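The values are calculated or read from the model by the stated rules, or taken from the named source; none is laboratory data. Everything numeric in this text was worked out from a predicted model, so none of it was measured. Keep in mind that these areas ignore ligands, DNA and RNA; they rest on the heavy atoms of the full protein, side chains included. Shrake-Rupley method; radii C 1.70, N 1.55, O 1.52, S 1.80 Å.
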Amino acid sequence: MSALDVQAYVAEIIEVRTTAAGDEGVIAKILADVRAADRVLGEKEFRAHMATLTTNEADAEAPRP
């Protein structure tokens, strides 16, 4: 996957996220894309990983004293 492909995919994910689909739409898209590429990704494990990323992002954005 080229850098341009990655940028295009990220743009797709952002588009899904900013529409009414929100987080559930992002999860559904990524799971569908991964499965379409004949990869195995369990929804439970994926959701747990996303929760970790979200927590890490929130920690990084928290104001520091």
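So the values come out like this:
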read-out	value
Members of the range 14-23 found to be part of a helix (DSSP H, G or I) and open to solvent by less than 100 Å² (accessible area, probe 1.4 Å), listed by number	I14, V16, G22, D23
Filtered residue count, the range 9-43, keeping only those that are of a type in the set (K, R) and under 16 Å from T54 (Cα atoms)	1
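Per-residue answers, yes or no, for (1) among the hydroxyl-bearing types (S, T, Y); (2) open to solvent by less than 50 Å² (accessible area, probe 1.4 Å); (3) modelled with pLDDT of 90 or more:
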{"position": "M1", "(1), (2), (3)": "no, no, no"}
{"position": "L4", "(1), (2), (3)": "no, no, yes"}
{"position": "A28", "(1), (2), (3)": "no, no, yes"}
{"position": "A36", "(1), (2), (3)": "no, no, yes"}
{"position": "G42", "(1), (2), (3)": "no, yes, yes"}
{"position": "L53", "(1), (2), (3)": "no, no, no"}
{"position": "A60", "(1), (2), (3)": "no, no, no"}
{"position": "P65", "(1), (2), (3)": "no, no, no"}
